[in-house]
Amino acid sequence: MINLAAFEKPIQKFIETSIASFSQQNPTTKVASFGLFCCPGSGWISIGFDTKTHSDENVAEFKDQGPEWYGKDDMGEFCNNCPDFEFASFNMVDIPEWVEEYESGEVMSIIIDDSITKEIDVEEEGDEALNEVFITFLIKVLKESERQSVFTNINRESAFRIGVQMLDSEYSEFWVSE
């Protein structure tokens, strides 16, 4: 059984320390996007940072492939693929409890909050059912980090995006930070 609440604070701390480390190592780099990239079945989360110049180059490279190859919002077009970020996988954390539950061969029980437990049969429902639960959780973690002003410690572009992307999945969400 995975209780997501037990991972909220450690993941927030991982985000905070990664931002501090990145900012210390790259003080003049203006960041356009911050992304969490996750594979819950393999038990890892990576953090990446992208610059506007790099993002613009990525969009130009894939422009002829169509809009499903990049992100677009009110602030413009941007790279929304964390592995393509200029500083992809800047930091990574392994979460062995997620792997153990995934590899148990049984229906996964995930406690979403005190009143909701989700049962996922990955064999029947596939990884996307798992990704749906975890992206919702990670968005909540990122929104809380944003609310706590964690992202103000980055040298940010005026259009600064925060997002999360699940490995080999349709689940991906980015938004412009306030």
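So for region 24-33 (the condition being among the β-branched types (Val, Ile, Thr) and out of contact with any helix residue (DSSP H, G or I) (no Cβ under 9 Å at 6 or more places or on another chain)), does at least one residue qualify?
Within region 24-33, one or more residues are among the β-branched types (Val, Ile, Thr) and out of contact with any helix residue (DSSP H, G or I) (no Cβ under 9 Å at 6 or more places or on another chain).
Could you check how many residues of region 57-97 are of a type in the set (Val, Ile, Thr) and within 16 Å of the chain's Cα centre (by Cα)?
2
Identify, from the list Thr117, Thr136, the residue that is touching a strand residue (DSSP E or B) at 6+ places or on another chain (Cβ under 9 Å), of a type outside the set (A, V, I, L, M, F, W, C) and at pLDDT below 95.
Criteria check complete, one pass: Thr117.
Which pairs have Cβ atoms under 6 Å, sit 6 or more apart or on different chains, and link a residue in region 142-167 that is part of a helix (DSSP H, G or I) to one that is acidic (Asp, Glu) and at pLDDT 95 or above?
Close Cβ pairs satisfying both conditions: Val150/Glu16.
Which of (1) in contact with a Gly (Cβ under 8 Å, 6 or more places away or on another chain); (2) assigned to a strand (DSSP E or B); (3) crowded, with 19+ Cβ neighbours inside 10 Å does Tyr102 not meet, given it meets every other one?
Every condition holds for Tyr102 apart from (2).
The values are calculated or read from the model by the stated rules, or taken from the named source; none is laboratory data. This is a predicted model, so every value here is computed, not measured. Note: ideal-geometry Cβ built from the backbone for every residue, glycine included; neighbour counts use all protein chains shown.
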